[in-house]
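The block underneath contains the structure these notes are about, expressed in structure tokens.
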Amino acid sequence: MKLTPQQLEQFDREGYLFFPGQFTPEEMKSLNEAVPELYARREAYNVREKGKDAVRTNFAAHMYSKPFAKLARHPRMVQPVMDLFAEEVYMHQFKINGKAAFEGDVWQWHQDYGTWLNDDMMPTERAMNVAIFLDDVNEFNGPLMFIPGSHKKGVVEARHDLTTTSYPLWTVDDELIAMLVERAGGKNGGIVSPHGPAGSMILFHSCLVHASGSNLSPWNRVSVYLSLCAVSNHIGRFKRPEYIAHRNFAPIRCLPDDCLLKDYPVDLPWKDGVPSSALETTTMPFDEMREAA
Ligand code: SIN
Ligand code: MN
């Protein structure tokens, strides 16, 4: 799938591209079927909502679940990102966000690159977010919201919020959000929210400011979020466990386009459990580690 010059121009202007129905219901079937068993696991990689059993986010399923390992190598997802960066990409982060019916909590306003810079020392913003809907997304089940064009601001000031939800996040304060929304058109397009059927895909810039409300509806809103980083832009320290911020900077090798419908061999290195090395962390940047060695 090649992006058109109009799509490239739209991405540059708005900071995101929406592809409704990018994957068919048949292609989504094996992914959807795998989620309940993954969420039932009592593992560190399942982060539950504050005070609840519902899974907020599951990390790194592509390392231990075959359907998700195939999605992580899907050319319809990886190729447009390589086109945008004109470079190969590796998987920086892979998560399946639950946003469960009635229980799914908010994601505060933030930029993802803020976290990748502050926590992981990723050198530049050359990393892309991809969202793939496993459920239909509508105005009621906590859809993602964007401030179009906010990526043009680069990295904005953020505060490490450790209390609002069960997951720490570098968040942007209300005053700046109000200003960015106004600048983007206020009530006329200052906030947008792509809705669509399961199988839809969004590419969004790592500096695009985004959020989502809680899910008070009776419909789950499970979505996969993949973060693909240009290989030359890999992170500079391992402050977070490897299941959150990956340490294998090898370029993704795509499978054929029909990989979600057919059997293809894929590596599942964490199939029998997450190795203890993946839980080890350090605040020391690579540069300093090299000097100390
Ligand atoms: C995220 O920003 O990483 C997740 C947002 C969401 O699931 O709504
Ligand atoms: Mn985010």
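Laboratory data are not the source of any read-out in this text; all were calculated from the coordinates shown. Because the structure is a prediction, the values reported are computed rather than measured. Heads up, the Cβs are rebuilt from the backbone with ideal geometry, glycines too, and the neighbour counts pull from every protein chain shown.
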*Looking at 169, 176, 144, which is the one that is hydrophobic (A, V, I, L, M, F, W, C) and either away from ligand 2 (no atom under 16 Å from the Cβ) or more than 29 Å from residue 28 (Cβ to Cβ) (or both)?*
176
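Please return the ranges of strands (runs of 3 or more DSSP E) entirely within segment 79-147 where 1 or more residues are in contact (Cβ under 8 Å) with a residue 60 or more places away in the chain and out of contact with any Ser or Thr (no Cβ under 8 Å at 6 or more places or on another chain).
On the way: elements: 89-97, 107-110, 127-133, 144-146.
In segment 79-147, the matching strands (runs of 3 or more DSSP E) lie at 89-97.
Assess whether residue 10 counts as being under 22 Å from residue 128 (Cα atoms), surrounded by fewer than 17 Cβ atoms within 10 Å (Cβ to Cβ) and in contact with a Leu (Cβ under 7 Å, 6 or more places away or on another chain).
Criteria met by residue 10.
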*How many residues does segment 27-51 hold that are in a helix (DSSP H, G or I) and surrounded by fewer than 17 Cβ atoms within 10 Å (Cβ to Cβ)?*
7
*Among the residues of segment 77-136, how many are away from ligand 1 (no atom under 13 Å from the Cβ) and among the β-branched types (Val, Ile, Thr)?*
4
